[in-house]
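Let me begin by presenting the structure, written as structure tokens, before commenting on it.
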């Protein structure tokens, strides 16, 4: 039976981008369905009624949801170009740091970008603490996956372009500070990898988008 | 492999720790249960899990594995000769992982909302509605995942059974203390039946806390700074079960687990569940 692989995504969201990268690294043909989250399609709502979010991977009509779950599904279904280590402990470690990215690092960077005053200062301290962990986790390797891009590189991948967008919009210096040389080197290496490079959303559009988002958040939160 | 090669850092009331214990039981892995004193974080815990400073932590030889669902998957990946915990089919695995993440990220926080945080009728009402909506989704998920079996995993307990089942005792405590009905036979008949099967499973029954002890634990933590040391000495050496109903096997002398003497379980300052509590994963 011919494989039918479809990916519901938006042009800018970093989570579906993980899936794009994984599919390309494994050489899997797929169809993109672009969503407008202000006007979600009935198909998206049908396939992801619980969260109503992207990404959704549709494989032969079956929906798989949540980006990290999708990555594991792709890994288990298409064995070429393995993304996860074979060793159970290394696998557990990769899963741990991927969750850390989603639950701690990403929210802390968002907080630093959208909060103001003392709250922002505290958020920045938290970001630096979190980035220290990430820097250590590289262990001197080119990629988190070792010699080649793997699951954890894809999980952290959003850092390689979105952090500089947020820094440009907010004037903050998070990784640009030079405090995290290994991480900065990784961001460059990851960003330059052909499969990754060809997928980045247009930077100028991202700047406009995040500028608007941050203005909206800070306006809502601003003291009257 | 000797018992000391696998250690589990945790506490008996924690549903997240229970996940690790059930998984180890399924695989018949001997381990040493190192109990953390509730309300305090030991040096050992802070060193073992510096990022989150939370239980459970599995220490396997010199390796540290944190986060309960990651631990369960690790156990499944390492001890391959025992029964599988995750399904074998990639799609079924994805479904199990999806619902486990949903339970942790959305559903259990709404349960906790009732027990500890909600004050005033409106907040409680909202929390109850959220829990009920979640259970409706999980009832439907059960029908699809179980494929006619008694468990989410089919004929045997699996990853999603462990992910949800660990909260059953807390559900009962919340119902009892909040005077509410959460797991309702009329609305979730399959889940109710599943709950019974789960709690009486061999891998579960010795590690599922009795509702009474969990309620006591909850009250100690929620209310006063009074010392309950007199009562707590009865909990010494894992003899909790010997004070509970006869449905539990008192297997403290079992070959499988060695338990460190249980320090008094009441914290010197009872704190509510949120963030600095070592119980949450």
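Nothing in this text is a laboratory measurement; each read-out follows from the coordinates by a stated rule. Since the model is a prediction, treat every value here as computed from it, not as a measurement. Glycine gets a Cβ as well: all are built from the backbone with ideal geometry, and neighbour counts include every protein chain shown.
Things worth noting here:
- For the options A:19, A:28, A:196, a Gaussian network treatment of chain A with springs between C-alpha atoms closer than 10 Å singles out A:28 as fluctuating the most.
- Choice from A:44, A:68, A:152 with maximal GNM fluctuation in chain A (Cα, 10 Å cutoff): A:44
- Gyration tensor verdict on chain A (Cα atoms; rounded if a/c is under 1.5, prolate if a/b is larger than b/c, oblate otherwise): oblate
- Sorting A:25, A:43, B:160 by the number of Cβ atoms found within 10 Å of their own Cβ, with the fewest placed first, yields A:43, A:25, B:160.
- Relative contact order computed over the range A:146-213 (Cα-Cα under 8 Å; 6+ residues apart), in percent: 38
- Springs join every pair of Cα atoms under 10 Å in this Gaussian network model of chain A, and among A:95, A:18, A:209 the largest mean-square fluctuation is at A:209.
- For the range B:131-156 versus the range A:154-197, the inter-centroid distance based on Cα atoms is 42 Å.
- Shielding by other protein chains, A:91-100, mean Cβ within 10 Å: 5
- Here the peptides A:119-126, A:58-65 are ranked by packing, the mean other Cβ count within 10 Å, and the order with the highest first is A:58-65, A:119-126.
- Mean per-residue shielding of peptide A:71-77 is 4, counting Cβ atoms of other chains within 10 Å of each Cβ.
- Relative contact order [Cα under 8 Å, 6+ residues apart], the range B:3-78, whole percent: 38
- Three-way shape label, the range B:26-109, alpha-carbon gyration tensor, a/c 1.5: oblate
- Fewest-first sequence of B:60, A:81 by Cβ atoms within 10 Å of each Cβ: A:81, B:60
- Prolate/oblate/rounded call for the range A:44-170, Cα gyration tensor, a/c under 1.5 rounded: oblate
- Computed helical MRE - 222 nm, chain A, DSSP H runs ≥ 4 contributing -39500 (n - 2.57), nearest 500: -17000 deg cm²/dmol
- Averaged over A:57-68, number of beta-carbon atoms from partner chains that fall within 10 Å: 3
- Taking packing as the residue-averaged number of other Cβ atoms within 10 angstrom, the listed peptides B:151-157, B:64-70 run from highest to lowest as B:64-70, B:151-157.
- Whole-number percent relative contact order across the range B:90-200, with pairs defined as alpha carbons under 8 Å at least 6 apart: 28
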